[in-house]
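Okay, structure first, notes after.
The numbers here are math on the coordinates, done by the rules we state, and not lab data. Bear in mind the structure is a predicted one, so any value in this text is a computation, not a measurement. Glycine gets a Cβ as well: all are built from the backbone with ideal geometry, and neighbour counts include every protein chain shown.
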Amino acid sequence: MKEDLLHFIWGQKKLHGRQLTSTANEAISIKAPGVPNQYSGPDFFNAQIAIDAQLWVGNVEIHLKSSDWYAHNHQTDSNYNNVILHVVWEDDVAVFRKDGSLIPTLELKHYVSKALLQNYQDLLENAKPKFINCEKDFAEMDSFLVEHWLHRLYIERLEQKSNRIEELLKKSNNDWEGVLFIMLAQNFGSKVNGDFFLDRALQLKFSIIRKVGDSLEDLESLLFGHFGLLQVDDCSDHYFLRLQKEYGYLGRKFNLPPALSKPEFFGLRPPNFPTIRTAQLAHLYAKEQRLFAQLMEANTIGDMYSIFEISASSYWDDHFTFGKTSKKSKKKLSNSFIDLLVINTIVPLKFCYSRHLGLDWNDDLISLISEIKKEQNSIIKGFDNLETRTKNAMESQAKIQLYTHYCAKNKCLRCALGTHLLNRNT
């Protein structure tokens, strides 16, 4: 027996309507199980329980054994003074409050069905999965249940991402344009240079970008220099030398902190080189003076493709790095790269911004991300191997949330699909 199953039994109202009796032979009737507590203190707040026909309102504590009350030193903690019922699997000792009064105890091992225990063992102890615990049953799940849960998981994922956006807003005095730039910079840096670009973007006031944004070359000088890409030896290209000279001036004018390291090129395909991505980012901000407003007004992936229809400046048509010519090609943003920008930056920002305005854009955001193709990674491949098809980016994002926050952590009892399997035939 594990304590998380006891929490599930209590929180999921598996005991409601049952004729229960405390270990002191008192009649117990559960009116409301209370609210789960995610922090320190009793496990459930504000429960309503009738004990021998007397209604009590207070907190509930859950343990495997009643002696755990003393093992956890609850008898000396005033946070537990309002516990009205001690719910345990096994009652092995009487438990008293700090004032010496006896706490009623409900011993669950007399009331839990064998079917529920068997379902729990099959899911969490006997499964021996290759991918996830419920992999044998996943394809047979009710489609409405799965779709509803994936929808909720995606909103949960957006809520988690909005926490980071809120932190960035506090640091920037609610400069939404500045936060957009920081998040875009990280995404343009990709997995290899994302953290580096993020760190440098945090050190660059967006007001400076506003001041130099009228000139593409000035903006390129600013971003190439700030991202450490002008630290090149033996390059005599006129374009490079102009950028280097202009950044020297901008760095002194705005007192910009020097880059103490450089972005990585190793392991990247040339179209993803930090030089190309920086040039594209500079073109985006030179092209769009109202970028944040335009993105907030855009509601379809076609709108997004139009806004991000940019390419690196002409120098990069036959270069991937400074001073080395290459086969000529226009360095445009691909639709697949724009998809990632929308998934990881634009939709989370729109979600957070709508909440600040007191609006509900959830349906519009679901429609937008559902237009985007699913992501390709090992997690999505794992789910698709279970004879289920991931239809779009909303579902792939939801399945990433499901796997990383539930499946990989064995939190089946907090998952709608896991609880469905536990409740079978009980």
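Evaluate the relative contact order of region 10-92 (contact order divided by residue number), counting alpha-carbon pairs under 8 angstrom at least 6 apart; express in whole percent.
It comes to 22 percent, rounded to a whole number.
As I understand it, the dipole of the chain uses +1 on the Cβ of Lys and Arg and -1 on the Cβ of Asp and Glu, about the Cα centre. Which of LEU158, LEU422, GLY178 lies farthest toward its positive end?
It is GLY178.
Given region 138-282, what whole percent of its Cα pairs are spread farther than 28 Å? Intermediate values should be presented prior to the final figure.
Values: 3273 of 10440 pairs.
In whole percent, the share of Cα-Cα pairs in region 138-282 beyond 28 Å is 31.
Using the crude model of +1 on Lys and Arg Cβ and -1 on Asp and Glu Cβ, and no other charge, please compute the dipole size for the chain relative to its Cα centre, in debye to 20. Numbers along the way, then the final one.
Working: 51 positive and 52 negative charges, 189 e Å.
So the dipole magnitude of the chain works out to roughly 900 debye.
Give the Kirkwood hydrodynamic radius (Å, one decimal) of region 3-112, defined as one over the mean of 1/r across all pairs of different Cα atoms.
Answer for region 3-112: a Kirkwood hydrodynamic radius of 13.7 Å.
Taking the 0 to 90 degree range and rounding to the nearest ten, how far is the long axis of helix 393-402 tilted relative to the main principal axis of the chain, both from C-alpha atoms?
50
For helix 176-188, report the angle its Cα long axis makes with the longest principal axis of the Cα atoms of the chain; keep it between 0 and 90° and round to the nearest 10°.
The angle comes out near 80 degrees.
What list of ³J(HN,Hα) couplings, whole Hz, do you get for region 322-328 from phi and the Karplus terms 6.51, -1.76, 1.60, once you set θ to phi - 60° and write x for glycine and proline?
So the Karplus estimates, Gly and Pro as x, are 5, x, 10, 6, 9, 4, 6 Hz.
Helix-only estimate, please: 222 nm mean residue ellipticity of the chain, summing -39500 (n - 2.57) across DSSP H runs of length 4 or more and dividing by its residues, to the nearest 500.
About -13500 deg cm²/dmol.
What number, in percent, do you get for the relative contact order of region 74-117 if the mean sequence gap of Cα pairs under 8 Å and at least 6 apart is divided by its residue count?
38
Just want the answer: with Cβ charges of +1 for Lys and Arg and -1 for Asp and Glu, which residue in THR345, CYS235, GLY194 is farthest toward the dipole's positive end in region 172-370?
My answer, from the dipole projection, is CYS235.
With Rg and the Kirkwood Rh both taken from Cα atoms, where does Rg over Rh land for region 78-148? Let's see the in-between values first.
Details: Rg = 19.3 Å, Rh = 16.0 Å.
Looking at region 78-148, the ratio lands at 1.21.
Percent relative contact order of the chain, based on C-alpha pairs within less than 8 angstrom and at least six residues apart?
14
Hey, if you put +1 on the Cβ of every Lys and Arg and -1 on every Asp and Glu Cβ in region 3-112, which of SER29, SER78, TYR39 ends up farthest toward the positive end of that dipole?
It is SER29.
If the viscosity is 0.890 mPa s and the temperature 25 °C, what translational diffusion coefficient in µm²/s does Stokes-Einstein give for region 172-370 when Rh comes from Kirkwood over Cα pairs?
Roughly 141 µm²/s, to the nearest whole number.
For region 265-397, what are the per-bin percents of Cα-Cα distances with bins 10 Å wide, up to the bin holding the maximum?
P(r) for region 265-397, in whole percents per bin: 11, 34, 31, 20, 5, 0.
Exceeding 30 Å between C-alpha atoms, which entries from my cross-link table qualify? They are LYS211/LYS332; LYS331/LYS409; LYS332/LYS391; LYS14/LYS374; LYS13/LYS65.
LYS331/LYS409; LYS14/LYS374
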